Each structure stands twice: as C-alpha cells, then as structure tokens.
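Take a look at the structure below.
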Amino acid sequence: MYPHERSLVQRLADEPFALIGVNSDPKERALKACEENDITWRSFWAGPEGTRGPIPRQWNVRGWPTIYVLDAQGVIRFKGVRGEAMDHAVDTLLAELRK
Amino acid sequence: MKTCLVPLVAALTAALPTLSGSAPAQDTRPALPLIRPAAPTPETPPSDPYEALVEEYNQARNAWYQDYAKAREEGGETLEAFLRDRPQAEVTFVPRFEAKATELAGQPAAVRFLVWLAQNDHEDRKAHFEALLANHLDDPSLAGTTGLLIFENDDAWALGLLQRLLDGSPHEEVRLQALLSRAEIHKRSGDPERLELAKADYRTLAECSMPGLVERAKGNLFEIEHLQIGMVAPDIEGEDLHGETFRLSDYRGNVVVLDFWGDW
C-alpha cells in the first residue's frame, strides 16, 4: 500500500493533487511509520481513540483502509478504489480539470 | 455494545481443558470416559456436550491449519496431496453437530448446535436457519445470528427470514438486531429506493434502547445522507500528526484522495 501511494504522490507532484490521510494509530507509531516508509503526505490524526476517534466515527469508517476520491470542487466521485483503480480515478478527475 | 457472539466465545473459552499439574497423588482414579451415563444427581452436572464438541472441533481445525502451513512450506506434490486427502475440520464436524441438532430437535438445547451450523455450514445455512425459526423463534440467542444474513447472496430469502424474526420474536434485542441486518442488506444494495428503506430502519434504531445499535445507526444514516458519490464531502477540521490544525477544504481546487489508514 505505501509503495503504491508513494509513487502516486511522486508522479503527481506537479499536479493539482493531494493525498490526505486520516491516521488511526497512536501518534508515536504514526510518526514512526511516516519516517520508516517515507510517507510525505499529510494526515489528520484521529486522536487517542484511534479507529473510534471523531473523524473515522463521523465518516462511519469500519474497515481500513477506506478510500474516498474527491474532485476539485470537493465532491465525492469514487469510493473504495485501490491500486490501479485509484490511479485511474485520479487521472480521470485531473483530466476533467484540464478541460 | 452487547456483542452477539458472547455465547459462542464463552463456549470456546469455557471449553478449554484445565491442565492442572497439582497434587496428582491425591487423585488416582482413572480418567473419566468421554461418554458417561447421565449423572444421577443434578448437583454435579455432566460436562456440557456442546462445549465439548466445540472444543474438539477447535482442536481439529487448529491441527488442520498447522498441517496446512507445513504442507504449504513444502509445496508441490505434498501440498496437492494434503489438499486432496485431508478434509477441513468442518467436513467431519458438520455431521456431528447435525446429529446432535437432530437428536435434540425441538428442544431448547438444540439451539446452540443449530447456531453453530448456521455459522459454519455454508452449504446448508438456509436449512439451519429455517430449523431455528421453525422451532426456536422465541429463543433470545437468535439475536446473535442475524448478522450472518447481511452477506447472504439470496437477499429476498434473508429479508423474509428477518421479517419473521421482526414479527415473531418476543425479545426486543432479537428484533433490533433483525432490524439492523435488514437495514444493512438494503444499504449494501446501493439501490436508491432501498437506501430509503434502510434510512427508515436506521432512524428507528437511532432511537432504540441499545447504545451500540444507536451509534451504528447514526453512523450509517450519516453515510447514506452525506457520503454518497455525487455529494460534497463534509469538511474535516483537525490536527495533523505534528499538531498543526488544518481543514480538508484547504485542498479545494485539488483532486484529493482521502485515505483512512493505520500502520497495522
């Protein structure tokens, strides 16, 4: 998972694109994971309650990872896309933006 | 939240053998045979036959997985032969649970065997559910079975069964769990009309007496009403991992992948 997202972020470094995480780990573990896996993208921290923290709870997240893809207007356009499907979703929305 | 699997988990843990190495000299009686005649006095209840069978099944299943792991390491023909010749534990244990359920048919003691079968015998799941509802509609432990129906392929059958629980169970917890399962089936369909049915059930559950169900219902209502494709994502405000506050909407103008993740 990390390698795919890392390459996506690197490939689109100059595009209007952002990968935003919501991390449910204890903070120290999250920071360690970022360092060890070269995770450069920004994450909200879900707080000390972890998976039951306020953000995952509001978003009704019951499986991890859970993925939403939003267009430039903030509209939810894809859900649950992983790997190549995520690349395809992002590329589709970036192409829309260039029109 | 009351978890519906408690009876099963309790059975699994309670059935663990007690391996006491203390004072062996005090007890020189031979080991009790596995099957013994019914105890004449109710003060010393015989070991529970359900728990004994579940324990035996767990041991067989664990042994299967251990041997499978070994066979997989060797791979090739060893693995092929293992998969061909060594049936999984369910294959031998389903008939044994069925035999007990048949022997006890109609009695409350049959319920646990039927619940186990509904959970583990995927081929005949429907028949086991039908037996449960036909003879044990008033059993409170049916609350722990409705979740199995959420991912049942035959929606119409599952919904019919849930309706019978909703109409016929004298236990509120069973009816509420049935309502939750019905809502989840409708929600999973993604069909707009059925999402409305799901919302109606979730609204009922959001007012109910079980806190765990209330929370789950509210979460699902929010998801249906605010987190569908085509809806503007709710904003998030919070701290990043370095303690700096930011908003999801700070990234408007960008395509955003929002990734709920954990390092596990």
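Does the stretch A:75-93 hold any residues that are over 20 Å from B:LEU248 (Cα atoms) and among the basic types (Lys, Arg), and which are they?
Result: A:ARG82, single match.
From the list B:SER169, B:SER209, B:SER181, B:SER189, which one is within 21 Å of A:ARG57 (Cβ to Cβ) and of a type in the set (Ser, Thr, Tyr)?
Criteria check complete, one pass: B:SER209.
Would a scan of the stretch B:140-158 turn up a residue that is farther than 22 Å from B:GLN107 by Cα, of a type in the set (S, T, N, Q), in a helix (DSSP H, G or I) and out of contact with any strand residue (DSSP E or B) (no Cβ under 6 Å at 6 or more places or on another chain)?
No, the stretch B:140-158 contains no residue that is farther than 22 Å from B:GLN107 by Cα, of a type in the set (S, T, N, Q), in a helix (DSSP H, G or I) and out of contact with any strand residue (DSSP E or B) (no Cβ under 6 Å at 6 or more places or on another chain).
State the number of residues belonging to the stretch B:126-147 that are closer than 24 Å to B:VAL91 by Cα and either over 13 Å from the mean Cα position of the chain (by Cα) or surrounded by fewer than 18 Cβ atoms within 10 Å (Cβ to Cβ) (or both).
The qualifying residues number 8.
Given (1) modelled with pLDDT under 95; (2) farther than 20 Å from B:HIS226 by Cα, identify the lone condition not met by A:ARG57.
Among (1) modelled with pLDDT under 95; (2) farther than 20 Å from B:HIS226 by Cα, the lone unmet condition for A:ARG57 is (2).
For chain A, which helices (runs of 4 or more DSSP H) that fit wholly inside it have 1 or more residues that are among the charged types (D, E, K, R), surrounded by fewer than 19 Cβ atoms within 10 Å (Cβ to Cβ) and facing chain B (nearest Cβ under 9 Å)?
A:27-36, A:54-58, A:83-98
I need the helices (runs of 4 or more DSSP H) fully contained in the stretch B:3-94, keeping only those with at least 3 residues that are modelled with pLDDT of 80 or more, of a type outside the set (A, V, I, L, M) and surrounded by 10 or more Cβ atoms within 10 Å (Cβ to Cβ).
Here the list reads B:49-74, B:76-85.
Of all residues in the stretch B:90-108, which are in contact with an Asp or Glu (Cβ under 9 Å, 6 or more places away or on another chain) and in contact (Cβ under 8 Å) with a residue 24 or more places away in the chain?
B:GLU90, B:PHE93, B:VAL94, B:ARG96, B:PHE97, B:PRO108
The values are calculated or read from the model by the stated rules, or taken from the named source; none is laboratory data. Here the structure is a predicted model, which means the values were calculated and not measured. In this analysis, Cβ positions are derived from the backbone assuming ideal geometry, glycine residues included, and neighbour counts consider all displayed protein chains.
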